[in-house]
1. Looking at this structure, is B:Val317 among the β-branched types (Val, Ile, Thr), assigned to a helix (DSSP H, G or I) and more than 20 Å from B:Ala390 (Cα to Cα)?
2. Given the conditions (1) outside any loop (DSSP other than H, G, I, E, B); (2) in contact with a His (Cβ under 9 Å, 6 or more places away or on another chain); (3) away from chain B (no Cβ under 13 Å), report the number of the one that A:Gly360 does not fulfil.
3. Could you tell me whether any residue of the range B:332-348 is within 14 Å of chain A (Cβ to nearest Cβ) and more than 22 Å from the chain's Cα centre (by Cα)?
4. Go through (1) out of contact with any strand residue (DSSP E or B) (no Cβ under 6 Å at 6 or more places or on another chain); (2) surrounded by fewer than 16 Cβ atoms within 10 Å (Cβ to Cβ) one by one and return the number of the condition B:Ala260 breaks.
5. Please work out which residue is nearest to the other protein chains (Cβ to nearest Cβ), limiting yourself to the range A:81-100 and to residues that are open to solvent by 70 Å² or more (accessible area, probe 1.4 Å) and in a loop (DSSP other than H, G, I, E, B).
6. Give the residues of the range B:361-377 that are in a strand (DSSP E or B) and away from every other protein chain (no Cβ under 13 Å), sorted by residue number.
7. Where residues in the range A:266-291 are open to solvent by less than 30 Å² (accessible area, probe 1.4 Å) and acidic (Asp, Glu), which of them is nearest to the other protein chains (Cβ to nearest Cβ)?
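The values are calculated or read from the model by the stated rules, or taken from the named source; none is laboratory data. Keep in mind it's a predicted model, so treat the numbers as computed, not measured. In this analysis, Cβ positions are derived from the backbone assuming ideal geometry, glycine residues included, and neighbour counts consider all displayed protein chains. Heavy atoms of the whole protein, side chains included, go into the accessibility calculation; ligands, DNA and RNA do not. Shrake-Rupley method; radii C 1.70, N 1.55, O 1.52, S 1.80 Å.
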Amino acid sequence: MAADTLLERITDYANRPNPYPLYAELREAGPVVPQADGSYLIGTYHEITALLHDPRISADPRSRGETMHEPPFLRLDDPEHHRLRTLAMRPFGPPHSPGRIDAMRGEIARITEELLTAFEAGRQVDIVDDFAYPLPVTVICRLLGVPREDEPLFRAWSDAVVASADVTPEDDSTERDRTGEQARIEMGQYLVDLAEQRRGRPSDDMLSAFVNEPDPALRLSRAELAETAVLLLIAGHETTVNLITNGVLTLLRHPGHLDQLRRKPGLLPQAVEELLRYEPPVHMRERIPLADMDVAGTTIPQGTPVVLVLASGNRDPKRFQDPDRFDPTRPDNQHLGFGSGIHLCYGAPLARIEAQAALGALIPRLGTARLVQDPPPYRQNAMLRGPRHLPIHI
Amino acid sequence: MAGDLREGRIVVVGASLAGLRAAETLREEGFTGSLTVVGDEPCPPYDRPPLSKQVLLGQVAADTTGLPMRRNPEAEWRLGVRATGLDPMGKRVLLADGDALPYDRLLIATGTRARPWPHPEEAALDGVFTLRTRDDAAGLAERLAAGPRRVLVIGAGFTGSEIASACRERGLDVTVTERGPAPLVGALGGTLAKLAAAMQRNHGVDLRCGVTVTALRGDSSGRFTGADLSDGSRVEADVCVVALGAVRNVEWLADSGLAAGPRGIACDAGCRAFTMYGIVTDDVFVAGDVSRFPHPLFGYQMLSLEHWGNAVAQAEVAAHNMVSPGPLRRPHLALPTFWSSQFGLNIKSVGVPTFSDHVVIAQGSLETRRLAMVYGYQGRVTAAVTVDMAKSLEYYQHLIETAAPFPPASGAADRPLAAEIPVPSDVPDPKGLSHGPTVALTGYLPDRRLTMVQPAG
């Protein structure tokens, strides 16, 4: 089949359970593969990392003429990106809040245990609904200062925003984009309202920190606060749920490694890194060149969308030995699971802790567990890929 | 052949970063023979970058910077004893305690020491420090914690600038003297040096450039009280830090026949030492600050680098080559990189900034104190330095590795107009600086520092 329809086939829901043969086809078709819709696909590790570090490549959808009001920092270029990301980092990580995430370890472990006490042996559970989704949602709600009971409310908004951010080659996404934009506005309003309730009455959460910043030069505008808070709330759980679920699925498919981790829990951090390589939550990112760019001998014209298939780069045999093998002890594992360059995942430290805690607590209980359905039903989204449900019998 | 190289006796002289990483790598590469590591300090290997930063700030104690081990190198540690000589015919390392260690292969990783103040009686004044070892850092940190009225730092290279930064962060008055025109100018050239000078002054450093210290003064009880400067002025201070660069620890090799001199021990790209006749040895290897090695990206000039990353990378290559037969040996081609943190700025460099004729600010600006400066030599990119923009460094590293044209292609979202106008890189002759160069180009220098001799007619 023609390589210029690869993006169509990758995004075809029928290929969601296993897009990896298509990624292999993509890498064989060359480092730069033009698509029928005018975009370019790139699935080789070295070209992806070079582009992720190239200051001439834009993450801003407005760089190709799309209209979007005030994108979040994930979709901005420097210097605006740097300013907003730095402000968002102040209450989250070093140097201003160095212990913030580490201090949540105990709470994350407690939430994990709470969820797991509901698991009874001999029963069927859904890893997604009963565990992998509620864990990061609860954590990000605590961290931001969002009431956990509002979850049904923001879940609908979140679904709409994430759907509009998917990579799709098809023609008419106008309606989906409009719904997504509307959801972003409503969700932003909701989060700004929550933050405003804490103005002058600081509590120990990030929304509170944002509105109570004493230095006027370091304050987010209302619109910036809305975009940033929406981004943090959505990115804070939409990806981690897939990381944990993909982890459980992968381990149940590799009982030898599951057993190895049960015996040697010290391997867990390395195993999580391998999961981020082998079954990453984020499969693709879209970028737009700000100038005509030569990539491995092909000139990509300014303003043309380039889809970087991170999950394919993670399986590039030119970078990783025996890339289709899941190996929790893999050395030199500089995967693209968190991207790279200036947009390197902001939440990576939290995601790592959550995945390590979740899998660490779950693994001892997976002794006789088996998958009820393999492959499980997947979510629609091709960019944020993961199972919609993962029923297992324990 | 390969089997033989994994056995036998290996001696590593130097028990710091390069020595430790080499020892670990030897075991990782399957060396099963006897391994002895000699170090003149009594303590196990420790990390130096924190000594001029966190230790002086009082954030960590000097004796807590021990280097983590990747694996147990299963070595015999001969610590607290100095190597005094090398007998290359008898294949023995002579030690200060009279012992002689026989070897089949030797790795020299003796590094550098702080360049002392040239007048020993002035250097001996109470309150006069250099900063290289853990003990130096502990002593200086203690004095800084005691709250001196003023600290004098002689030399505004990286170490001197980091010390000044730590002093200001502790709220101490500090004077910095530098013979060159600005701090860091020897490593980064004129444009960034202007930013460094502005940062120091903005942070309240009394920065004196274009002057030298002519004498250190003490009181009758031998306590340092101040210094005389070449411009006739005088600085009253309780503490003085001499930050005049480093001296390579090569004296013990004086009779060894190796090509060992003030710039280090010359070796090939595979870390094998040269003899004084330029003949490569096959049983003596060199790694880390004490080495000089040719680099193809910089005209095969012999580089001597005082960089943490180089010590690690070169030690790994040296160790690999020590246990590998010829065709399996690797060259040490890593790009030089270093970082510094001072006055709230993160400075990172890749390539060799002094190997340049022009520079541009390719991203950001001096005004925002956030920028990427790119260095070019004869129309190709040879180095880049970022200030608070470290995530951009990898892009420029790729440009250097691929000899990309200079100035770099336009199109970056945060590229200033100034990026289209390269200016001279303004790297001064190292001879005019207080501090020694942390990167020395010891072969021919870029044109503008070359004397061209052309036949008449």
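1. Answer is yes for this residue.
2. (2)
3. Checking the range B:332-348: not a single residue is within 14 Å of chain A (Cβ to nearest Cβ) and more than 22 Å from the chain's Cα centre (by Cα).
4. B:Ala260 satisfies every listed condition except (2).
5. In the first step, residues of the range A:81-100 are kept if they are open to solvent by 70 Å² or more (accessible area, probe 1.4 Å); the result is A:83, A:94-96, A:98.
Okay, now just the ones that are also in a loop (DSSP other than H, G, I, E, B), so A:94-96, A:98.
Details: A:Pro94: 12, A:Pro95: 9, A:His96: 12, A:Pro98: 12 Å.
So, considering only residues that are open to solvent by 70 Å² or more (accessible area, probe 1.4 Å) and in a loop (DSSP other than H, G, I, E, B), the one nearest to the other protein chains (Cβ to nearest Cβ) is A:Pro95.
6. B:Met373, B:Tyr375, B:Gly376, B:Tyr377
7. A:Glu274
Residues checked against (1) of a type in the set (S, T, N, Q); (2) at pLDDT 95 or above; (3) closer than 30 Å to B:Asp282 by Cβ:
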| site | (1), (2), (3) |
| --- | --- |
| B:Ile347 | no, yes, no |
| B:Val350 | no, yes, no |
| B:Gly364 | no, no, no |
| B:Met373 | no, yes, no |
| B:Thr382 | yes, yes, no |
| B:Thr402 | yes, no, no |
| B:Asp414 | no, no, no |
